[in-house]
Structure formats: C-alpha cells, structure tokens
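Q: After the structure tokens below, expect a handful of questions from me.
FYI, it's all coordinate maths here, none of it is from the lab. If you're wondering where the values come from, they're calculated on a predicted model, not measured in any experiment. Because the Cβ atoms are built from the backbone with ideal geometry, glycine has one as well, and the counts that use them run over all protein chains shown.
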Amino acid sequence: MTTDDRLHIGDFSFSSRLLAGTGRHRSNDELVASIAASGAEIVTVAIRRLNLDNPTEPTVLDVLDPDRYTILPNTAGCATVEEALMIARLARSLGLPNWVKLEIIPDPKYLLPDPIGTLEAAKALIADGFTVLPYIHADPVLAKWLEEAGCATVMPLGSAIGSGQGIHTAEEITIIIEQASIPVVVDAGLAVPSQASQAMEMGADAVLVNTAIARAQDPALMGEAFKLGVEAGRKAYLAGRIEAQRYAQASSPLEGVIRSTT
C-alpha cells in the first residue's frame, strides 16, 4: 500500500493491514515462512501459551525477527478479568510492547468473548497505561463503549474463532465501522482471501488471520494470497464502488448507435 495510507493504532503505524496470528502452525518453519509471505508487520502471540518455565526451550518469540515484526501480546486462554490483567502485565514484564490484544473467553465450546469482562478489563488496562485492542462479538453498542473507554481499536469477530465460516456479522460490523472513530479490525472466522477482501471493501481498517493461513495445505502461499486479498479490498474501498441498481444498465451508450434500416 502507499505510504499515505497507513494503519495507525495508538502510537504505532504500519503499511500492512493484515495482522497475523501464530497459533496452530504445524512447525516454526511454516510459521515464519507464511508470516513473511503475508507481508504482515503485526504478529500476535498468546503469552499464556508460551512455555516460560524452561529457558532452554525456544518459543514463538525466539523465531520471529524483532526488527521485522511488532509483537502484539494477547490474552488468549484467559477466562476472567483477573487472568487477562495478569497476562497483560506479564507480557509487559517480558519487555514486549506496551499494548495488548484483550481476549476474555469463558466458554470453551463456542469461544465467544465475555462482553462485560472485556469492558471491565479494558478500563483497568487503560488506567494502567496499556494500549488496548479488545476482541469482541460484533456488538455496535459494546464497540462504542470500548471506544469511549479509550481503546485503540475494536476487533469484532466475523464468525466463531477458527471456524472458517466467513463473515456472518456483516450488518453489525458495518454499523461498528460507521460509528467508530478508531480502527476496526475484523478478527476470527475468515477462511479465504475473498472474505478478507470483503471485510476491507466494507470499510474495515484491517483484518487478523490465523487458522486460515496456519492450517492451509501451503501456508506460505495462503499467506501471500491473504496479503493480496487485503490489498485488493482496501483499494476497492478507497476507489469507491458503484451503487447497486435494481435494473440492468447498458455499459455502452444508446445514443448514436447504428440501427437497422430494414
């Protein structure tokens, strides 16, 4: 993307509008190759799932180039406000950037985020100096409350985490985008680049993709495909699509056409 169309989140600025996740990859080699191919600059890491007890065992943080990527710690695996606060502060103590993707998910079956706990934790983390990016259901009212609380983005789900069902919440996300004055990042449920492009065409500022890339047969190729899908969707949004019409309209002019004389 051009340098005059950058993604701004808090004090951070990026040229890529694709955020990459690091879970569910079959190997670290596939993880590194797919993220590189995706062009992502923001890489989110679940701090709770790192093995910090064994300093000799490499973690995801050891295989990612800190000069190339900005690590976005997340609180995946936290079911309560207290757990989320603990993990965010742990990430900061590890020297990671002072921002956090806030996830509070008490239900292990559907993995839907807790709206009340998310708002409570967001307020506490903001008061503690964090830049907060909350993962939420596509709830326009909650999104507005989180923005008013001082969150740097809102991250509504397209569909259930890891489901690959695409965007089931398009109407609600459209309302969130319309009302937001902070970036809106569509997160969860995307399976193919056309769905990422759809989100960008709707006016989303970015998308976050993990499982669709990690579990693809060729993760690096899928990472590249998502990069192109995001770029195409963003350009289409900036270009301005034509209005939908009820009836067909000829693409060639009807005036001055050659007519039969018989």
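Q: Run the numbers on the chain and let me know its relative contact order in percent, using alpha-carbon pairs under 8 Å that are six or more apart. Numbers along the way, then the final one.
A: Values: 511 pairs, mean separation 49.9, N = 262.
Worked out over the chain, it gives 19 percent.
Q: For helix 115-127, what angle does its Cα long axis make with the longest principal axis of the chain, in degrees from 0 to 90 and rounded to 10?
A: The angle comes out near 70 degrees.
Q: Computed over the Cα atoms of the range 68-110, what is the convex hull's projected area averaged over all directions, in nm²?
A: Values: hull surface 13.6 nm².
The orientation-averaged projected area of the Cα hull of the range 68-110 comes to 3.4 nm².
Q: A further question follows. Give me the Debye-computed log₁₀ of I(q)/I(0) at q = 0.07, 0.09 Å⁻¹ for the chain, equal point scatterers on Cα only, no solvent, two decimals.
A: Per q value, in the given order, log10 I(q)/I(0) is -0.26, -0.41.
Q: Show me, for the range 167-176, the HN-Hα J-couplings you get by feeding each phi into the Karplus relation (A = 6.51, B = -1.76, C = 1.60, θ = phi - 60°), rounded to Hz, glycine and proline as x.
A: 9, 8, 10, 4, 5, 5, 5, 4, 5, 4
Q: Further question: Over the chain, with a Gaussian network built from C-alpha contacts below 10 Å, which listed residue (VAL230, VAL186, VAL32) shows the highest mean-square fluctuation?
A: The residue with the greatest mean-square fluctuation here is VAL32.
Q: Add +1 for every Lys or Arg and -1 for every Asp or Glu among the other residues with Cβ under 15 Å from the Cβ of SER34, and state the total.
A: -1
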